[in-house]
């Protein structure tokens, strides 16, 4: 009797230990299965994308998720980004954050994520014209409005020269855009173009009939004025986003400054800014060789900040790349958790040598 009782106790203990082990194993397996979110960016080399990555990593730590952050070597490498997205999808992410270089190139992938119920969050320029229901929300800057601020700041300085322009002595404004595919750059080009036209018409004696938008056809809307001969707005796109091509495009523009009476240049992103800086001895040649010409950039980075601080540039528009990365992952996590999500405007500000050290600006000026 005593033996059987002891045997029963031993057997009970074995069962309890086994049950505990199974339970512990199940708990441990669950804890090890950290949700994975794939972040596929437009790039990874530029300072801007490094700040986006920092924000994404911070959100990953905050919400206890694993992420990968990938972007192609150049923002012209559409196929490389597609392959990165395919690779990320093969890892079975619970959500994806995507800044598409070209929406058409990822239509099939978006249809598949929609079929599988994988939430996709757009960030930076997002994924414009994506299949309905495939994009849950976007974390991005209102690029159209931000570029419009650049036009306003430039117009304040060149208004008098525009007023004085005639058919015999026309003036020009140049808008340098990295490409004609990404939504963010298209929106910046459109925003600057449209705002400048509105300001000229409302703030001077000129009419739309005196203005002509010329250059890359992607940046000339059906309603854009094209017949004027007093104020020309040139929409320029380099052959590629490479340093060599952006620098060559900037040099070509600078060679026309005197003959075309170029009053100002707006560089709509970091790549075109770097191209202009490379063509002008880091900007030092601008006030010497092109006195009075107004330059406004977009984004930040060490070279651009120095050009603003030294007043080679009138100023620049800065986004909040850290917030873009953070909010992209935050939205992706919330979508995975089944929480409602909606678009978030991550903001933009104009900075110059006078305000770039202010508390609300300096934190947005990455290196």
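The values are calculated or read from the model by the stated rules, or taken from the named source; none is laboratory data. Because the structure is a prediction, the values reported are computed rather than measured. All Cβ positions, even for glycine, are placed from backbone atoms using ideal geometry, and neighbour counts span all protein chains on display.
Tabulated data for the structure shown
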{"read-out": "Within the stretch 121-139, tally of residues that are touching a helix residue (DSSP H, G or I) at 6+ places or on another chain (Cβ under 7 Å) and closer than 21 Å to residue 185 by Cβ", "value": "10"}
{"read-out": "Failed item, numbered, when residue 175 is tested on (1) outside the structural domain of residue 250 (by TED's automatic domain parsing); (2) at pLDDT 95 or above; (3) touching a helix residue (DSSP H, G or I) at 6+ places or on another chain (Cβ under 6 Å)", "value": "(1)"}
{"read-out": "Residue match in the stretch 196-210 (condition: closer than 24 Å to residue 127 by Cβ, assigned to a helix (DSSP H, G or I) and modelled with pLDDT of 95 or more)", "value": "no"}
{"read-out": "Residues that are crowded, with 21+ Cβ neighbours inside 10 Å and either assigned to a loop (DSSP other than H, G, I, E, B) or modelled with pLDDT under 95 (or both), drawn from the stretch 29-49", "value": "41, 42, 43, 46, 48, 49"}
{"read-out": "Failed item, numbered, when residue 219 is tested on (1) crowded, with 18+ Cβ neighbours inside 10 Å; (2) within 28 Å of residue 75 (Cβ to Cβ); (3) out of contact with any helix residue (DSSP H, G or I) (no Cβ under 8 Å at 6 or more places or on another chain)", "value": "(3)"}
{"read-out": "Pairs with Cβ under 6 Å, 6+ apart, first in the stretch 56-80 and part of a loop (DSSP other than H, G, I, E, B), second surrounded by fewer than 19 Cβ atoms within 10 Å (Cβ to Cβ) and at pLDDT 95 or above", "value": "65/35; 72/80"}
{"read-out": "Selection status of residue 325, crowded, with 23+ Cβ neighbours inside 10 Å, assigned by TED's automatic domain parsing to the domain that holds residue 57, touching a helix residue (DSSP H, G or I) at 6+ places or on another chain (Cβ under 9 Å) and within 22 Å of residue 362 (Cα to Cα)", "value": "yes"}
{"read-out": "Unique residue being closer than 24 Å to residue 339 by Cα and touching a strand residue (DSSP E or B) at 6+ places or on another chain (Cβ under 9 Å) when the list is 158, 135", "value": "135"}
{"read-out": "Exclusive hit being more than 26 Å from residue 171 (Cβ to Cβ) and touching a residue at least 12 places away in the same chain (Cβ under 8 Å), set 275, 315, 301", "value": "301"}
{"read-out": "Qualifying residue in the stretch 111-120 (condition: buried (at least 22 other Cβ atoms within 10 Å of the Cβ), in contact with a helix residue (DSSP H, G or I) (Cβ under 6 Å, 6 or more places away or on another chain), outside the structural domain of residue 239 (by TED's automatic domain parsing) and not in a strand (DSSP E or B))", "value": "yes"}
{"read-out": "Residue list for the stretch 140-163, filter: farther than 16 Å from residue 266 by Cβ, in contact with a helix residue (DSSP H, G or I) (Cβ under 9 Å, 6 or more places away or on another chain) and either at pLDDT 95 or above or assigned to a helix (DSSP H, G or I) (or both)", "value": "163"}
{"read-out": "Tally, over the stretch 246-285, of residues that are at pLDDT 95 or above and either assigned by TED's automatic domain parsing to the domain that holds residue 124 or in a helix (DSSP H, G or I) (or both)", "value": "21"}
{"read-out": "Condition check for residue 126: in a loop (DSSP other than H, G, I, E, B), on the phi > 0 side of the Ramachandran plot and over 20 Å from the mean Cα position of the chain (by Cα)", "value": "no"}
{"read-out": "Complete set of residues in the stretch 184-209 that are crowded, with 23+ Cβ neighbours inside 10 Å and in contact (Cβ under 8 Å) with a residue 60 or more places away in the chain", "value": "184, 185, 188, 189, 192"}
